[in-house]
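Novice: Once you've had a glance at the structure underneath, I'll fire off some questions.
Please treat every number below as a calculation from the coordinates, not as lab data. Being a predicted model, the structure only gives us computed values, none of them experimental. Positions of Cβ are backbone-derived with ideal geometry, glycine not excepted, and every protein chain shown enters the neighbour counts.
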Amino acid sequence: MSFADNLQSIRKEKQLSQEELAEKIGVSRQAISKWEQGSGYPETEKLLILSHELNVSLDYLMLGETGNAISEKPFSQNIIAPTGKITIKSFDGKSIVNCYKVFASQVMFKARSDEPQYWLIGVNNGAFWGEKSIVLGWYADEEKIKKEMDAIGEDIKKGIPAYELKYASKVKNKLLRVKIDEE
């Protein structure tokens with residue numbers, strides 16, 4: 001089955017309308033409709049959020065590979081900034097995000113040895129379309145992501161308005177996979 005067929009099938013299986021799924025991932029209902037018709041694909045960031053929200057692996061979502069659905073609850077942690085926001089620069093330096101919420105989770109696809117195991121997501125209130133999520137960083141192991149979350153939490157408690165990632169892995173994109181950059 002194609003991505004479009006898989007997305008529609010999984011969404012219906014989870015008893016979600018296009019509108020409900022769109023709201024969960026921060027896009028319009030029309031975007032979901034377009035993806036399900038096969039006339040477009042989501043950005044990588046939205047694919048990750050889709051797999052997380054639908055509780056399936058990226059392989060399962062994209063390729064329909066059986067046996068890859070997530071059956072147990074992976075590591076996940078949330079921090080909500082009580083002061084409203086904390087500013088965090090993304091792993092690639094291309095985005096600076098005013099986050100009101102930061103969450104960490106195990107990646108939703110079966111990671112290979114040269115791929116990160118965890119990801120850090122920042123959430124802010126978009127100007128027009130509600131919440132916007134962005135990948136802030138990728139992490140090789142659970143210990144590093146927990147250290148990052150603890151450090152962000154400490155800075156929020158201290159009232160520090162900006163945070164720079166300390167434990168994120170350097171990565172490079174290769175097709176639909178993110179690889180740890182050893183250089």
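Novice: Relative to the present Cα-Cα distance, how much length would full extension add between K166 and N98 at 0.36 nm per residue of separation?
Specialist: Gain on extension, K166 to N98, equals 22.7 nm.
Novice: Let me ask another. So, counting K/R as plus one and D/E as minus one, what does the shell of residues with Cβ under 15 Å around Q37 add up to?
Specialist: +2
Novice: Using amide H atoms built in the peptide plane, which far-off residues or other-chain residues are under 5 Å from L165 H to H?
Specialist: Placed amide hydrogens put K89 under 5 Å from L165.
Novice: Could you work out how far apart the two model spin labels at K157 and E20 are, taking each label as a point 7 Å from the Cα in the direction of the beta carbon, and quote it in nm?
Specialist: Taking the two extended label points, one gets 3.8 nm.
Novice: Right, here's the next one. Read phi for every residue in the range 161-170 and hand back ³J(HN,Hα) as whole Hz from Karplus 6.51 cos²θ - 1.76 cosθ + 1.60, θ = phi - 60°, with x for Gly and Pro.
Specialist: With coefficients 6.51, -1.76 and 1.60, one gets x, 9, 9, 10, 4, 10, 10, 5, 7, 6 Hz.
Novice: Quick one: if you stick a label point 7 Å off each Cα along the C-beta vector at S9 and Y41, how many nm between them?
Specialist: Here the answer is 1.8 nm between the modelled labels.
Novice: Further question: For K132, which lysines qualify as cross-link partners when the Cα separation must be under 20 Å and same-chain residues fewer than eight apart are set aside?
Specialist: K24, K34, K46, K85, K89, K94, K101
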